[in-house]
Amino acid sequence: QFFVFCHGLLQLSQLLVSGYLKSSVSTIERRYGLSSQTSGLLASFNEVGNTLLIVFVSYLGSRVHRPRLIGCGALLVSLAGFLMALPHFLTGPYQYDHSVASTFSNTTDLCQPRAPGAGANLSDASCPPQGSRENQEVLLVMFVAQTLLGIGGVPIQPFGISYIDDFASHSNSPLYLGILFSLTIVGPGVAFMLGSAMLRFYVDIDKVSSAEVQLTNKDPRWVGAWWLGFLVAASLVALCALPYFFFPREMPKEHWPLVLSGFPVVLLRNLRHPVYLLVVLAQVNISAMVAGLATFMGKFLERQFTLTASLANMIIGAVNIPGAMVGIVVGGAILKRFQMSLRQCSALCVLGMLLCLLAAFPLLFLGCPTQKVAGVTHWDRYLSIQGGHTPATGTSGSGHHAMACNARCRCPERGFNPVCGSDGVEYTSPCSAGCSSVALRPDGSVLNYTGCSCVGAAGAARPGSCGTGCSHLFVPFVVLSCLAGILASISHTPSFMLILRSVQPEDKSFAVGMQFMLLRVLAWMPGPVLYGSAIDTSCVLWDRRCERRAACRYYDNTLFRHRYLGLQFFFEVGAF
């Protein structure tokens, strides 16, 4: 029982490390200028180390000291967690554009028409020679960490489960394994809650005093302390690893029926089994959907409903993930209550997916239009000077088209400090709104901007994004997406039963191993990359760093929603 307790804690904290990255994806993108395709690749990279080794390690099974190997794996996971936080300590403080001179810099992004020679504005040459190299180092460290995370996780689940199954009494074993499986679903939920807590702190909490930070966490330039969660999770894993070095190896010798010469025969026998193959393909579709959901749902909620990263994580951790757990439990309960046959199991799966489709379809229409951003998505009054043409949306130019009303300001190309004009139009910086003066609060934060030549009559603007202004759709969206999640996860347990009962008894463990392998290769690895690429295609304004395309500043919200949720809907139809 102590082993089960330790193993539960270890699995929970291991999932905390791997799940935490997903909760801080949008923050890391902003901090290091990554596209969603890159961050999707990063999120799925831990599966690479895992997949390469899992079959081999499961085969070693009883020939090794399992608890000790689990302990070593856990130490690797812990090391990976600390490595994930390392880039924060390697790079300098986070730089963002601001209107008020501070201890860091005396530049400003207000409109300053004077002195053609003196570049008092934010310099366009904001490309330090070490910038691009620093960025490659950050990515390299993170990809190495994700690979180690995958490798370290290999022994944890298979060895823990087989160890428990070997020594627990037959009547208790299912209970123990049930506890562990339920923890594997709680884990990501806790990770999102941890993300929610950590992203409320400013990223450089250890480098600058709180008095010097002029941002609130509602500001579009805000970057939360993404690295803190990795330190917390990695420390927990390290603590959980210790007891494993003191568990005994002692175990009656198992007999290994799997002779490798019979391997191809068993493989073909299972892959030619129509029920097995179809159920696994359905699970691949569901898993691909979940992979994209888990990785980018937070980012999606932030952009569609103008939420802070912290609140978006809170919703996912407190609503969506518990919903999925409820679905799994309900599916298992229905099976047990009605003692279902295989045909009834498959009917239950189909019904669950059909209802899920009905709940998920309206989500495609529950969302917000793109906010009006002058010179990016909104063009009246701002015919640009270059021949007065009106670019279509989807111009992934580097931003500031000189507009007639701010031509005298000579704004920097890549300034980003959004302000919301009193006319309800958003501008990428006070300079692009033509604002010439700023009013401060007593604590030094910006109250508002005045004298803005691009804004209508009032000529004033307040700091921060205008937002998408459709918060009334947020609750229906969360309710429906939670419902769709519950309905989709009802099919979880019956689909497992279909696999376990349709293959030959001696192939059982092999069939499950093959299934996990296929899910990893076909769903968990490509899923986030596919979703990330789809999200990138809906970007209308890219930030540029050193001539390199960095993170996306603005998305076409309708396209983002249709591509992101459309992809999700496509996989749900596939599963059905």
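I'd like the full set of residues that are touching a helix residue (DSSP H, G or I) at 6+ places or on another chain (Cβ under 9 Å) and crowded, with 16+ Cβ neighbours inside 10 Å, limited to the range 456-480. Write out each step before concluding.
Taking the range 456-480 first, the residues touching a helix residue (DSSP H, G or I) at 6+ places or on another chain (Cβ under 9 Å) are 467-468, 470-471, 473-474, 476-480.
Of everything in the range 456-480, those that are touching a helix residue (DSSP H, G or I) at 6+ places or on another chain (Cβ under 9 Å) and crowded, with 16+ Cβ neighbours inside 10 Å turn out to be 467, 468, 470, 474, 477, 478, 480.
For residue 508, only one of the following conditions fails: (1) touching a residue at least 24 places away in the same chain (Cβ under 8 Å); (2) within 28 Å of residue 346 (Cβ to Cβ). What is its number?
Among (1) touching a residue at least 24 places away in the same chain (Cβ under 8 Å); (2) within 28 Å of residue 346 (Cβ to Cβ), the lone unmet condition for residue 508 is (1).
Taking the range 149-182 on its own, how many of its residues are within 30 Å of residue 87 (Cβ to Cβ) and either of a type in the set (S, T, N, Q) or open to solvent by less than 40 Å² (accessible area, probe 1.4 Å) (or both)? It would help to see each step written out before you state the result.
Narrowing the range 149-182 to residues within 30 Å of residue 87 (Cβ to Cβ): 149-157.
When the remaining residues are screened for being either of a type in the set (S, T, N, Q) or open to solvent by less than 40 Å² (accessible area, probe 1.4 Å) (or both), the result is 149-150, 152-157.
Final tally of qualifying residues: 8.
Can you tell me how many residues in the range 424-447 are open to solvent by 10 Å² or more (accessible area, probe 1.4 Å), assigned to a strand (DSSP E or B) and not polar (S, T, N, Q)?
Qualifying residue count, the range 424-447: 5.
Of all residues in the range 509-568, which are under 17 Å from the mean Cα position of the chain (by Cα), more than 24 Å from residue 466 (Cβ to Cβ) and of a type in the set (Gly, Ala, Ser)?
If the condition is that a residue be under 17 Å from the mean Cα position of the chain (by Cα), more than 24 Å from residue 466 (Cβ to Cβ) and of a type in the set (Gly, Ala, Ser), then 523, 527, 532, 533, 534 are the ones that fit.
Counting just the residues of the range 524-576 that are under 18 Å from residue 362 (Cα atoms) and of a type in the set (S, T, N, Q), which one comes out most open to solvent (accessible area, probe 1.4 Å)?
Only one residue tops the list, namely 558.
State yes or no: is residue 235 at pLDDT below 75 and surrounded by fewer than 20 Cβ atoms within 10 Å (Cβ to Cβ)? Write out each step before concluding.
On the way: at pLDDT below 75: no; surrounded by fewer than 20 Cβ atoms within 10 Å (Cβ to Cβ): yes.
No: the conditions fail for residue 235.
Considering each of 9, 15, 53 in turn, give the residue that is open to solvent by 10 Å² or more (accessible area, probe 1.4 Å), closer than 28 Å to residue 163 by Cβ and touching a Cys at 6+ places or on another chain (Cβ under 6 Å).
Details: 15 fails: touching a Cys at 6+ places or on another chain (Cβ under 6 Å); 53 fails: touching a Cys at 6+ places or on another chain (Cβ under 6 Å).
After applying the criteria, what remains is 9.
Can you name every residue in the range 174-210 that is in a helix (DSSP H, G or I), of a type in the set (Ser, Thr, Tyr) and without any contact (Cβ under 8 Å) to a residue 24 or more places away in the chain?
Let us first name the residues in the range 174-210 that are in a helix (DSSP H, G or I), namely 174-198, 210.
Still in the list and also of a type in the set (Ser, Thr, Tyr): 176, 182, 184, 196, 210.
Selection gives 210 alone.
May I ask you to list the residues in the range 448-464 that are part of a loop (DSSP other than H, G, I, E, B) and within 22 Å of residue 410 (Cα to Cα)? Before you say what the answer is, go through the steps one by one.
Of the residues in the range 448-464, the ones part of a loop (DSSP other than H, G, I, E, B) are 451-460, 464.
Scanning the range 448-464 gives 451, 452, 453, 454, 455, 456, 459, 460, 464.
Condition first: modelled with pLDDT under 70, of a type in the set (D, E, K, R) and touching a Pro at 6+ places or on another chain (Cβ under 8 Å). Can you find one or more residues in the range 129-140 that meet it? Before the answer, list the steps.
Start the filter on the range 129-140 by keeping residues that are modelled with pLDDT under 70, which leaves 129-132.
Adding the requirement that they be of a type in the set (D, E, K, R) leaves none.
No, the range 129-140 has no match at all.
For residue 62, are the conditions met, namely being open to solvent by less than 40 Å² (accessible area, probe 1.4 Å), at pLDDT 70 or above and assigned by the TED database to the domain that holds residue 157? So that I can check it myself, show each step before the final result.
Values: open to solvent by less than 40 Å² (accessible area, probe 1.4 Å): yes; at pLDDT 70 or above: no; assigned by the TED database to the domain that holds residue 157: yes.
So residue 62 fails the test.
Would you check if there is a residue in the range 218-229 being open to solvent by 40 Å² or more (accessible area, probe 1.4 Å), in contact (Cβ under 8 Å) with a residue 40 or more places away in the chain and out of contact with any helix residue (DSSP H, G or I) (no Cβ under 8 Å at 6 or more places or on another chain)?
Yes: one or more hits.
Can you tell me how many residues in the range 481-512 are surrounded by fewer than 19 Cβ atoms within 10 Å (Cβ to Cβ) and under 26 Å from residue 307 (Cα atoms)?
1
Can you name the number of the only condition in (1) touching a Ser or Thr at 6+ places or on another chain (Cβ under 6 Å); (2) in a helix (DSSP H, G or I) that residue 542 fails?
(2)
Pairs needed: first member in the range 446-459, closer than 16 Å to residue 372 by Cβ; second member anywhere, open to solvent by 50 Å² or more (accessible area, probe 1.4 Å) and of a type in the set (D, E, K, R); C-beta distance under 7 Å; at least 6 residues apart or different chains.
Taking only residues 6 or more apart or on different chains, the pairs are 455/423; 456/423.
The values are calculated or read from the model by the stated rules, or taken from the named source; none is laboratory data. Note that this is a predicted model, so its numbers are computed, not measured. Positions of Cβ are backbone-derived with ideal geometry, glycine not excepted, and every protein chain shown enters the neighbour counts. The protein model used for the area step is the full one, side chains on, heavy atoms only, and it has no ligands, DNA or RNA in it. Shrake-Rupley method; radii C 1.70, N 1.55, O 1.52, S 1.80 Å.
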